[in-house]
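All remarks here apply to the structure that follows.
The values are calculated or read from the model by the stated rules, or taken from the named source; none is laboratory data. Worth saying up front: this structure is predicted, and the values here are computed from it rather than measured. As a convention, Cβ positions derive from the backbone with ideal geometry for all residues, glycine included, and neighbour counts pool all protein chains shown. Heads up: the accessible areas ignore ligands, DNA and RNA and are worked out on the full protein's heavy atoms, side chains in. Shrake-Rupley method; radii C 1.70, N 1.55, O 1.52, S 1.80 Å.
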Amino acid sequence: MKKYLITGCAGFIGSNFVYYMLKKYNDILLVNLDKLTYAGNLENLKGCEGDSRHIFVQGDICDKELVSSLFAQYDFDYVINFAAESHVDRSIANPEIFVQTNVMGTVNLLQRAKEAWYDTEKKSWKEGKKYLQVSTDEVYGALGAEGFFTETTPINPHSPYASSKASADHFVKAFHDTYGMPINITRCSNNYGPYQFPEKLIPLMINNVKHHKQLPVYGDGMQIRDWLYVEDHCKAIDMVANAGKIGEVYNVGGHNERPNIFIVKTIIEQLCNRLQDDGISEALIKHVEDRLGHDRRYGIDPNKIKADLGWYPETPFEVGIVKTIDWYLENEEWMNRVTSGTYQSYYAEMYKNR
Ligand code: NAD
Ligand code: TYD
């Protein structure tokens, strides 16, 4: 039985990964370490309650003793690190926590994995172990109108979030280059799908459209992101964990580039048709002050993961966005709960001067 330490899997991508893995493998153990920050939500994991293949542990990836004790208890084969502070706007407002979790937390996981997996007597790594860092295309910086990010594009992050993820990637590479640690890094484009916290573009816009609230489009709305349905990302992570060549970086994305304003208008059109609601129209769009240092375009070249591992994105944007809107409409209670309380003060603070 393969044993995984997965971190941050009460959040968006991680919870989807738990479901993906439990559906695919019978003989598996997933130990899910999550601090339950504002972005972590045990409700996201309700579908695997009572499943003995998934064990939830509330805790911080920066906690040395806790992570060591989990290695001692479970003798993990894999570490897959999803845990992070993940929102660019929050990183602009408060960068320190991004350094703490994304950089220090990653280094702690690497250190604990090294202690558990490196045999100091034999001077070699135990067989079958791997550390996988879930990273982002944002470490490459921004593109102009042409070209794509490849794995050899120079690291050139702009936001504090991207800088913290880039720093973490360098540490993961350093553990491979210095100690020979078996690692992979995946760098993915923007994900969308069920369980995404509504501070991010797509769920925020779905929620606002439904409630006839203004739709805050930063700047001219012509920034481009390469949208990947979350299940396709989960498939890529599983493939890289199992078959990725040690030491390699894999970009994950699938030529689904769309400008933000197109995304917003698509959500308006979809919800207007489905809800037959006259209060929903493009008049809700408000162009607001742009994000500081806003990256203009991201676009992934996925040829390496396609050629090496046979991965491809199965879900075109037009299909994925409908599935996503369906999910949010069917899970109104989830949305109401995560947007009550502190979300209201976050929203008021983040959007008040825009
Ligand atoms: P998320 O914000 O939805 O979830 C993050 C999770 O990490 C939460 O459950 C939170 O409680 C947990 N966490 C935060 N700090 C922690 C700590 N110190 N210790 C333990 N747990 C902690 O994020 P997400 O969108 O699911 O992203 C997951 C990973 O994928 C991140 O590393 C992110 O950088 C990367 N990524 C995300 C996207 C995207 O579009 N969402 C794209 C590329 C890469
Ligand atoms: P986001 O979902 O925060 O992801 P990222 O910054 O990691 O790409 O934002 C996606 C794009 O949408 C980005 O260009 C910023 C823009 N955006 C808005 O225009 N308005 C909003 O309210 C939000 C949250 C994002």
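Give me the percent of the accessible area of the stretch 1-138 that comes from carbon and sulfur atoms, probe 1.4 Å, all protein chains in place.
Here it works out to 50 percent.
How many percent of Cα pairs in the stretch 50-117 exceed 14 Å?
63
In square nanometres, what is the average projected area of the Cα convex hull of the stretch 73-199?
Convex hull of Cα atoms, orientation-averaged projection: 9.7 nm².
For Cys188, what residues show an amide H to amide H distance below 5 Å, using hydrogens built from the backbone and excluding near sequence neighbours?
Those lying under 5 Å, H to H, from Cys188 are Ser135, Thr136, Asp137, Val252.
Shape of the stretch 257-315 from its Cα gyration tensor (a ≥ b ≥ c, root eigenvalues): rounded if a/c is under 1.5, otherwise prolate when a/b > b/c, or oblate?
oblate
State, in angstrom, two size descriptors of the stretch 1-68 derived from its alpha carbons: Rg to one decimal place and Dmax to the nearest whole number.
Rg then Dmax for the stretch 1-68, in Å: 11.4, 33.
Applying a 10 Å radius around every beta-carbon, put 195-208, 85-98 in order of their mean neighbour count, most first.
Highest to lowest by the protection proxy: 195-208, 85-98.
When ranked by the protection proxy of mean other Cβ atoms within 10 Å per residue, highest first, what sequence do the peptides 135-144, 6-15 form?
6-15, 135-144
Determine which aspartates and glutamates satisfy two conditions relative to Lys24: a Cα distance under 13 Å, and not lying fewer than 8 residues away in the same chain.
Glu231, Asp238
For the stretch 252-305, which GluC sites (Glu not before Pro) are in a loop by DSSP, counting at most 14 other Cβ atoms within 10 Å?
Within the stretch 252-305, the qualifying GluC sites (Glu not before Pro) (loop, at most 14 other Cβ atoms within 10 Å) are Glu289.
If you average 1/r over every pair of different alpha-carbon atoms in the chain and take one over that average, what Kirkwood value in Å do you get?
About 20.8 Å, per the Kirkwood formula over Cα pairs.
Give me D for the stretch 139-216 in µm² s⁻¹, whole number, from Stokes-Einstein with Rh from the Kirkwood sum over alpha-carbon pairs, 20 °C and 1.002 mPa s.
D = 139 µm²/s.
Mind giving me the nanometre distance, one decimal, between the label points for Gln58 and Tyr312, set 7 Å out from Cα along Cα→Cβ?
Going from the Gln58 label point to the Tyr312 one covers 4.5 nm.
Hey, what number do you get for the chain at 222 nm if only DSSP H runs of n ≥ 4 count, each worth -39500 (n - 2.57), divided across all residues, to the nearest 500?
It lands at -12000 deg cm²/dmol.
Place a +1 charge on the Cβ of each Lys and Arg in the stretch 3-73 and a -1 charge on the Cβ of each Asp and Glu, then give the dipole magnitude about the Cα centre in debye, rounded to the nearest 20.
Using Cβ point charges on Lys, Arg, Asp and Glu, the stretch 3-73 gives about 220 debye.
Residue by residue through the stretch 220-228, which ³J(HN,Hα) values in whole Hz follow from phi under the Karplus form 6.51 cos²θ - 1.76 cosθ + 1.60 (θ = phi - 60°), with glycine and proline marked x?
7, x, 9, 6, 10, 10, 9, 7, 10
At what distance in nm do the modelled label points of Lys352 and Leu36 sit from each other, each positioned 7 Å from its Cα along Cα→Cβ?
Label-label distance for Lys352 and Leu36, simple model: 2.9 nm.
Evaluate the distance, in nm, between pseudo-label points positioned 7 Å from the Cα of Lys123 and of His212 along their respective Cα→Cβ axes.
Going from the Lys123 label point to the His212 one covers 7.4 nm.
How much of His294 can a 1.4 Å solvent probe reach, expressed as accessible area in Å² and rounded to 10?
His294 has an accessible surface of roughly 40 Å² with all protein chains in place.
So what's the gap between the Cα centers of the stretch 115-172 and the stretch 285-354, to the nearest angstrom?
The stretch 115-172 and the stretch 285-354 have Cα centres spaced 22 Å from each other.
Per residue of the stretch 232-240, what does 6.51 cos²θ - 1.76 cosθ + 1.60 with θ = phi - 60° give for ³J(HN,Hα)? Whole Hz please, x for Gly and Pro, Karplus curve as stated.
Once rounded to whole Hz, the list reads 5, 5, 4, 4, 5, 5, 4, 5, 5.
So how long is each side of the stretch 224-282 along the principal axes, counting just the alpha-carbon atoms, biggest first, in Å?
Largest first, the stretch 224-282 extends 55, 21, 12 Å along its Cα principal axes.
Please list 324-334, 34-44 highest first by mean number of surrounding beta-carbon atoms within 10 Å per residue.
34-44, 324-334
Among the listed pairs Lys35/Lys210; Lys2/Lys126; Lys245/Lys306; Lys2/Lys304, which have their C-alpha atoms separated by more than 19 angstrom in this model?
Over 19 Å Cα-Cα: Lys35/Lys210; Lys2/Lys304.
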